[in-house]
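One structure below.
The values are calculated or read from the model by the stated rules, or taken from the named source; none is laboratory data. Keep in mind that this is a model prediction, so the values were computed, not measured. Positions of Cβ are generated from backbone atoms using ideal geometry, with glycine treated the same way; all protein chains shown enter the neighbour counts. Keep in mind that these areas ignore ligands, DNA and RNA; they rest on the heavy atoms of the full protein, side chains included. Shrake-Rupley method; radii C 1.70, N 1.55, O 1.52, S 1.80 Å.
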Amino acid sequence: MSTSTSRGSLISDDVNGRRRVAKGHHIFHSFLNPIFVFRLLLAFLLLSLVSILALGYYVSTGRHYYATIPLSRPVVNVPCAWPQTRGQGPMWDYGKYLPAVHEGKAQLRLDPRALLFVTTTHSSLGKSLAEWLVANRIRYKLEVAGKSLPVLTNEGKGKFGVIIFENFYQYLHMDSWHRGILDKYCREYQVGVLGFLAPQGENVFSSSLPGFPLSVELYSHVLRAELNPESRVLRITRPGDVVSPLGTVQKWVTFRSNHSTYKPVEWVHVPLEPLIPFDQAKSISDPPPVPRSEQKISVLLDEGQYDGIPRILFGAGLGFWLHHLLLLDGMSYLSHGRLSDSLTRYLLVDIDDIFVGKSGFRLIPPDVLELVEAQRRLQSLVPGFRFNLGFSGGFHHRGTPYEDEAEDLLLYYKDEFWWFPHMWTHMQPHSVDNITALEAHMVFNKQFAVEQGLPMNGSYAIAPHHSGVYPVHEPLYEAWKSVWGVEVTATEEYPHLRPPRLRRGFIHNGIKVLPRQTCGLYTHTNLYEEFPGGKEKLEESIRGGELFLTLVSNRVNVFMTHMSNYALDRLGSYVFESAVQFLRCWTNLRLETRPPLQLADIYFDLYPEEQDPIWGNPCQDKRHLEIWSKNKSCERLPNFLIIGPQKTGTTALYSFLSIHPAISSNRDSPETFEELQFFSGKNYQKGIDWYMSFFPPPANDNETRYLFEKSANYFDGTLVPQRVHALLPSAHLITILIPPSKRAYSWYHHQRVHNDKAALEFSFHEVITANPRHAPRALRELHNRILQPGMYAHHLERWLALFPPQQLHLVDGERLKSDPILVLNQLQTELKIRPFFDYANHLKYVDQKGFYCQVDSLNKTKCLGQGKGRNYPPMESASLKFLREYYQPENTALEKLFKRLGYPIPSWLEEELGTESQNNPQIPAEEISNNVSSHWENPGSQ
Ligand code: A3P
């Protein structure tokens, strides 16, 4: 036996080597021992630590949290007087409530467009109407009422399928001339008028409508509204129930008539009290507690029996949600179905980050069971419905044991759902510039999917926080394709998050990007009772508000939700079940779910015009900037562009500007030689990373630097102004103008040198005078390509529709030839380029070339190549005469434009517009020749 020899020891080892505690006075004695005190303290601390850990575990298992939350889960409750599914509920005559069919022969003569008359461009109902048309992708023309009428017909077709008046009184009080034209159009093309009756003055409560056997009454208080189930207008709208309260509408106009042309579409119930103005009504001290009510017509169909024009009149605006639906139906009815949309809506609900979430806010086993059940319930309402689960395998089993149990259960039910990948660790792809690193993240996630046997909803993927999808991060698209074979994704960021009605899709690098909608639930939206802004806000969104209208207006709806929305009080399932039931109660829309790839195909079949994206500027949207690689910079985008047109001296200006020490151009494109032709052609599809790669990265020195690019075919490209404006809204645009006839002639010779077949086959005169309808195709095309860019005024107006005049710089191309130093000095001033660079020492006229050329540091001259300043015979006078006449209207418009913008009229324009060419077709050849000497206004002065 070994005994501890130390004094006051509490412990001794027994024969078996076990320790035992000493007893008796030793113990008492030991209390005074500092080692004992220290040990006691240590034991106490240990005990506390264990308790804290135990408590922590208890809390972190979530059991405690889940047990203590008073989980009064919201119960789906959508009262609906009409049966939502056939075969359920009381006996109904279903045939009666089938959606009306509006299609008629008259639609063949109408364009699918609305003509919307607003009171002012800022009036509130007018704005809401326009927004609702945009949300539903209905094309429209906006006009301020009381001004002139737009052209109503085009080649025997009516340009508008329906006429809408924000204020119907403006239609009634239109001057008789315009009213006559409008009514004649309506009768001839069988187009109807849809109008809203704004209350007219506070004290008028009853009046008749001039020219109609109809009177209106004003009510400041209505009790409820209901629809006429017999109305032929109802197509999307289904008479769901009696509704109250009635949105934000303060005052209602109701209609009264004995004429048989008028049929009710909607009624309101008004209290049976004397009709008195609103202000006085407020002062009545003791109104009856439950007012007796009377039914009044609040939306009225005029079948057109009275004066041959059908009309639909609304007694209140869009503040009452049902009127959004009635507006769509009204337009469909009045346009004979020309403005009808399909009744099918597609619904896909993604649950992002199914393994990502804070402990205590994650799914527990009963939530998983309920998720399966909710899906089954939704499947009975929405054929094909499946929740689409997004996973980051790196977060699997990161919860408490109880939460991990839920994940196991979810994986047990894995085949019930569709699955799609996020990144392995939920990292944001834009933060990684390297494709291999991104691929590695994805490969991990893929391995996880394989190990777990997840039934992948092939070809769909989502990036955390939309990162890399838009603004586009090319490595993400590449890695997605190589690892997963992704073909579809979705984002809420294109073109911008807000307003949601403008979200659109696009296709990039073979991947279809669908617009994604939010239903108001985010990772932090967890409890019904704690819904931001109050649960009433959520209910309103479901019952006629934002979520409801999103489902109505979008043919394809991809919704984003999160795992935590299906935990705790399971708000996610509540929202979708309620929304779907409400939609079925109030509309005839049929909801369906399809896998993402099918949805994408449906979407881009419906909206093929959306396939090509419009690249925005990431620096103009804070959210975009947050998900844009730190290695990218808007400083790598040009400050100004030389936009053309071709053959006006663009190369000369480009190379002269490049001499300036503070100005840098793009590096050459291997495909198009010096021009990038980004905004005008196929290169645009390559995205802005491609574009920016041609410009030097921002320098570290503090020197100011100006970047520019020149692509001479930007000038007349149809989509170019819009594209440039989206990416470079503050860029300066330089355009060079020479006589359009001269430009055409130079271009013709350019084409001949480039072996254009038609240019070699036909003479210049044959090309310019070719009949644009009957000439052989190649000739027609050449004819257009030669002449179109010379429509200077037309093209400049397209640019000016998007850019302020201060950003547009017009350079006289004849002056550029004769005095480039002056032109460049002026441009430096206009573009505010610092430091000023004196070109006098760097440009020199070279006789042999007949043009100004650069002077290098060794004082050698360097002229532009043979292709610039070509020698060719002078233009025939007949051709010049023809072209001067051809361009006469355009040149006149150009002169006006110059004046409007405050530019002096170039002498060549005066000459083109002068009478001498018409009076004397025998113009001396040297005046019009495009050979070397003819470039000079006054070569001798140099
Ligand atoms: P021509 O070759 O028909 O004479 P672009 O560069 O836009 O294609 O324009 C070519 C035209 O630039 C030439 O047309 C030429 O007239 C004109 N130009 C203007 N300044 C020039 C210069 N310094 N050197 C060569 N050509 C110049």
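Kindly sort CYS634, CYS619 by accessible area of their heavy atoms, largest first, with the probe set to 1.4 Å. Walk me through the numbers on the way to the answer.
Working: CYS634 35, CYS619 55 Å².
Ranked from most to least accessible, the order is CYS619, CYS634.
Compute the length gained on full extension between THR425 and ASP605: take 0.36 nm times their separation in residues and subtract their Cα-Cα distance, giving the result in nm to one decimal.
On the way: separation 180, 0.36 × 180 = 64.80 nm, distance 3.49 nm.
That pair, THR425 and ASP605, stretches by 61.3 nm at full extension.
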TODO: Would you pull out the residues with amide H under 5 Å of THR587's amide H, same chain only if 5 or more places away, H placed 1.01 Å from N?
DONE: ARG238
TODO: Per DSSP H run of n ≥ 4, the term is -39500 (n - 2.57); total these for the chain, divide by its residue number, and report the mean residue ellipticity at 222 nm rounded to 500 deg cm²/dmol.
DONE: -10000 deg cm²/dmol
TODO: Determine the dipole magnitude for region 798-860: charges of +1 sit on the beta-carbon of Lys and Arg, -1 on that of Asp and Glu, nothing else is charged, the reference point is the Cα centre, and the result goes in debye to the nearest 20.
DONE: 160 debye
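All other residues with a Cβ under 12 Å from the Cβ of GLY357 taken together, and with Lys, Arg as +1 and Asp, Glu as -1, what is their net charge? If you can, show how the numbers build up before the last one.
Numbers: positive: LYS358, ARG362, ARG398; negative: ASP352, ASP353, ASP367, GLU403, GLU407.
Residues near GLY357 contribute -2 overall.
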Task: Alpha-carbon centroid distance for the pair region 323-342 / region 826-867, whole angstrom - done: 63 Å
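Please say if region 532-588 is rounded, prolate or oblate, where rounded means a/c under 1.5 for a ≥ b ≥ c the square roots of the C-alpha gyration tensor eigenvalues, and otherwise the choice is prolate for a/b larger than b/c and oblate otherwise?
On the way: a/c = 1.80, a/b = 1.43, b/c = 1.26.
Because a/c hits 1.5 or more and a/b exceeds b/c, region 532-588 counts as prolate.
Multiplying the sequence separation of LEU858 and ARG900 by 0.36 nm and subtracting their Cα-Cα distance, what value in nm do you get?
Values: separation 42, 0.36 × 42 = 15.12 nm, distance 4.52 nm.
Net length gain for the segment: 10.6 nm.
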Open item on the list: I'd like the FRET efficiency for ARG376 and LEU172, computed as 1/(1 + (r/R0)^6) with the beta carbon distance as r and R0 of 60 Å, rounded to 0.05.
Closed with: 0.65
- [ ] Give the long-range amide H neighbours of ILE164: residues separated by 5 or more places, or on another chain, with amide H under 5 Å away, using H modelled in the peptide plane at 1.01 Å from N.
- [x] LEU115, LEU116, PHE117, LEU194
- [ ] With a 4.7 Å Cβ cut-off, tell me which Cys residues in the chain come up empty for a partner.
- [x] CYS186, CYS519
Open item on the list: Can you return the lysines within cross-link range of LYS414? Criterion is Cα-Cα under 19 Å, with same-chain partners fewer than 8 residues away left out.
Closed with: LYS446
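Just how large is the dipole of region 435-502 about the Cα centre, in debye to the nearest 20, putting +1 at every Lys and Arg Cβ and -1 at every Asp and Glu Cβ? All intermediate terms of the calculation are to be shown ahead of the outcome.
Numbers: 4 positive and 7 negative charges, 39 e Å.
Dipole magnitude for region 435-502 comes out near 180 debye.
For an R0 of 60 angstrom, estimate the FRET efficiency from the Cβ-Cβ distance between LYS535 and ALA699 and round to the nearest 0.05. List each step's numbers first, then the result.
Values: r = 55 Å, r/R0 = 0.92.
Given R0 = 60 Å and the Cβ-Cβ separation, E is 0.65.
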TODO: Compute the distance in nm between two label points, each set 7 Å from the Cα along the Cα-to-Cβ direction, one at ARG870 and one at GLN447.
DONE: 6.2 nm
Open item on the list: Along the Cα→Cβ direction, 7 angstrom out, place labels at ILE614 and TRP690. What is the inter-label distance in nm?
Closed with: 2.0 nm
Open item on the list: What lysines does LYS710 reach when the alpha-carbon gap must be under 24 Å and sequence neighbours fewer than 8 apart in one chain are set aside?
Closed with: LYS632, LYS647, LYS682, LYS686, LYS742, LYS817, LYS832, LYS844, LYS849, LYS862, LYS868
TODO: Could you work out how far helix 176-189 tilts from the main Cα principal axis of the chain, as a 0 to 90 degree angle to the nearest 10?
DONE: 70 degrees
- [ ] Step through the residues of region 587-597 one at a time and calculate ³J(HN,Hα) from phi using the Karplus curve (6.51 cos²θ - 1.76 cosθ + 1.60, θ = phi - 60°), rounding each to whole Hz and writing x for Gly and Pro.
- [x] 9, 9, 6, 9, 8, 9, 10, 10, x, x, 5
Open item on the list: How high is the relative contact order of region 628-877? Use alpha-carbon pairs under 8 Å, at least six apart in sequence, and give a whole percent.
Closed with: 22 percent
TODO: Give a residue-ordered list of calculated ³J(HN,Hα) values for region 307-324 (Karplus: 6.51 cos²θ - 1.76 cosθ + 1.60, θ = phi - 60°; whole Hz; x for Gly, Pro).
DONE: 9, x, 10, x, 9, 10, 10, 10, x, 7, x, 8, x, 9, 4, 4, 5, 4
TODO: Tell me which residues come under 5 Å, amide H to amide H, from ARG224 once H is placed; ignore anything under 5 positions away on its chain.
DONE: HIS269
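Take the alpha carbon gyration tensor of the chain, find the square roots of its eigenvalues, order them as a ≥ b ≥ c, and report rounded if a/c is under 1.5; if not, report prolate when a/b exceeds b/c, else oblate.
oblate
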TODO: Describe numerically, in nm with one decimal, the distance between label points set 7 Å from Cα along Cα→Cβ at HIS259 and at ASN755.
DONE: 7.4 nm
TODO: Let me have the relative contact order for the chain, percent, based on Cα pairs under 8 Å that are six or more residues apart.
DONE: 9 percent
Task: Principal-axis tilt of helix 877-886 within the chain, Cα atoms, nearest 10 degrees - done: 40 degrees
TODO: Might you tell me the accessible area per residue for the chain, computed with a 1.4 Å probe and given in Å²?
DONE: 46 Å²
TODO: Kindly write out, for region 819-829 in residue order, the coupling ³J(HN,Hα) from the Karplus curve 6.51 cos²θ - 1.76 cosθ + 1.60 (θ = phi - 60°), rounded to whole Hz, with x marking Gly and Pro.
DONE: 8, x, 5, 4, 4, 5, 5, 5, 4, 4, 5
Task: Nearest-ten-degree value, helix 740-753 long axis tilted from longest Cα axis of the chain - done: 80 degrees
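Among the chymotrypsin sites (Phe, Trp or Tyr not before Pro) in region 490-574, which ones are in a DSSP loop with at most 15 other Cβ atoms within 10 Å of the Cβ? Mind listing them? Could you put the intermediate results ahead of the total?
Working: sites: PHE506, TYR522, TYR528, PHE548, PHE559, TYR566, TYR574; in loops: TYR522.
Those that pass, being in a loop and sparsely packed, are TYR522.
State whether region 628-877 is rounded, prolate or oblate according to the following rule on the C-alpha gyration tensor (a ≥ b ≥ c being the square roots of its eigenvalues): a/c under 1.5 gives rounded; otherwise a/b larger than b/c gives prolate, and the remaining case gives oblate. Display every interim value, and only then the final one.
Working: a/c = 1.87, a/b = 1.29, b/c = 1.44.
The shape class here is oblate.
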